[in-house]
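A short write-up of the structure that comes next.
The values are calculated or read from the model by the stated rules, or taken from the named source; none is laboratory data. Here the structure is a predicted model, which means the values were calculated and not measured. Neighbour counts run over all protein chains shown; Cβ positions are idealised from the backbone, glycine included.
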Amino acid sequence: MGAPPANSRHLLLEDRPLKGTPTLQRLPGKAKPRTEVLRECEAEAAKIRESIPRVLWDFLIPDLTRVFRWRVQLDCGCFPEILTCEDGTPPHEMQWKEHVHGSQLARGQMICWHDDSSPPPYRVINEWGERKEVAFPADPVEPPDYIDPEAWSVIRHDEPRTSAIWKVTLACGHVEEAVAPSLDWTPASGPHLAPPLRVKQMSAEFDEVWRANPELQSERDRDHARRMLADGWPSPQPERLCYSCPQVRMILAYERVGWLVPRQRRAANTTKNAPPVLSRSTLKRRLREAEAEAERLRTELDGLE
């Protein structure tokens, strides 16, 4: 399988050509030295031990003797190495997580970050999930570098505030967050709409700004604003930018690297305290002795009764 085009990382997932089932094959390049990867994993495990109670070690720290190494080829042209528990399920049949919210991606997808990826697209919210309240301090008087002072004077919050933030699942299946218009808002409440007269005024204001400064917003943001105006400027907005879509890659092929801890070393550790394997004659002799002892005990018990 040849390497994907160099510019494939600029395409969103739905714009990339469909590939066949990922295949097991020898990939270009070499894996990192096993001893180096093992040192990194042991250092990470030691760091986790310092931060959690000992009773949780067996649950939260992976058993490195069960870790298997793979290399995968992604459609962005990268060849990352990944680790799995055991070696039975190939990487493209597993579900990996995105890094911000920890949500699971579709099978065969992984995150591989590139600064020159496509801009995040707007996606429709399909599902509202968990809710949390977050307290924010008052905004500083001076605006950030990327906001015009006049605009900052309008949107700035001069008092501390608390907002309700919902975890939402988008039409693409990825997870983002959305801010509710009020603390008591729920999805059953539906969106709050602006008065029709205000929507008409906003439409005229947007058109004037776009004419005066065509470079102020991208066509993506203009289309989003037009959709929101057509819907009555709903709050919360039914669309969110998906920051996962531009960074999601498809696994095209994979390669088995090997066990993080060699099998013979693991076997030596696991069998060190195991009982010796007995011969058939020894087992039969012990069985006869046990049956004789059981018969003797039954006779004594009958006598007592």
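Test of understanding: among Lys30, Lys47, which residue is of a type in the set (Lys, Arg) and over 18 Å from Val257 (Cβ atoms)? Write out each step before concluding.
On the way: Lys30 fails: over 18 Å from Val257 (Cβ atoms).
It is Lys47.
Take the residues of segment 269-305 that are modelled with pLDDT under 65 and assigned to a loop (DSSP other than H, G, I, E, B): which is farthest from Asp63 (Cα to Cα)?
The first filter runs over segment 269-305 and keeps only residues modelled with pLDDT under 65, leaving 269-278, 305.
Narrowing further to those that are assigned to a loop (DSSP other than H, G, I, E, B): 272-278, 305.
Numbers: Lys272: 17, Asn273: 18, Ala274: 19, Pro275: 22, Pro276: 25, Val277: 26, Leu278: 30, Glu305: 53 Å.
Top of the filtered list is Glu305.
For segment 122-159, the tally of residues that are in contact with a Pro (Cβ under 8 Å, 6 or more places away or on another chain) and touching a residue at least 40 places away in the same chain (Cβ under 8 Å) stands at 3.
Just one of the listed residues (Val55, Val37) is assigned by TED's automatic domain parsing to the domain that holds Cys85, surrounded by 10 or more Cβ atoms within 10 Å (Cβ to Cβ) and out of contact with any helix residue (DSSP H, G or I) (no Cβ under 9 Å at 6 or more places or on another chain), namely Val37. Pairs linking a residue in segment 190-208 that is more than 11 Å from Leu229 (Cα to Cα) to a residue that is surrounded by 12 or more Cβ atoms within 10 Å (Cβ to Cβ) and among the hydroxyl-bearing types (Ser, Thr, Tyr), with Cβ atoms under 8 Å and 6 or more positions apart or on different chains, are Pro191/Ser235; His192/Ser235.
Can you report the number of residues in segment 1-23 which are surrounded by 12 or more Cβ atoms within 10 Å (Cβ to Cβ) and either of a type in the set (Ser, Thr, Tyr) or at pLDDT 70 or above (or both)? First the steps, then the outcome.
First, the residues of segment 1-23 that are surrounded by 12 or more Cβ atoms within 10 Å (Cβ to Cβ): 1, 3-5, 8-13, 16, 19, 22-23.
Filter once more, so that each one left must be either of a type in the set (Ser, Thr, Tyr) or at pLDDT 70 or above (or both): 8, 11-13, 16, 22-23.
Selection size over segment 1-23: 7.
Just to be sure before I move on: is Cys85 loosely packed, with under 14 Cβ neighbours inside 10 Å and in contact with a helix residue (DSSP H, G or I) (Cβ under 6 Å, 6 or more places away or on another chain) in the structure I sent? Answer is yes for this residue. It is to be established whether one or more residues within segment 241-249 are touching a strand residue (DSSP E or B) at 6+ places or on another chain (Cβ under 9 Å), assigned to a helix (DSSP H, G or I), at pLDDT below 95 and more than 15 Å from Val124 (Cα to Cα). There is at least one residue in segment 241-249 that is touching a strand residue (DSSP E or B) at 6+ places or on another chain (Cβ under 9 Å), assigned to a helix (DSSP H, G or I), at pLDDT below 95 and more than 15 Å from Val124 (Cα to Cα).
Taking segment 67-102 as the range and being of a type in the set (D, E, K, R) and without any contact (Cβ under 8 Å) to a residue 24 or more places away in the chain as the test, the residues that pass are Glu86, Glu93, Lys97.
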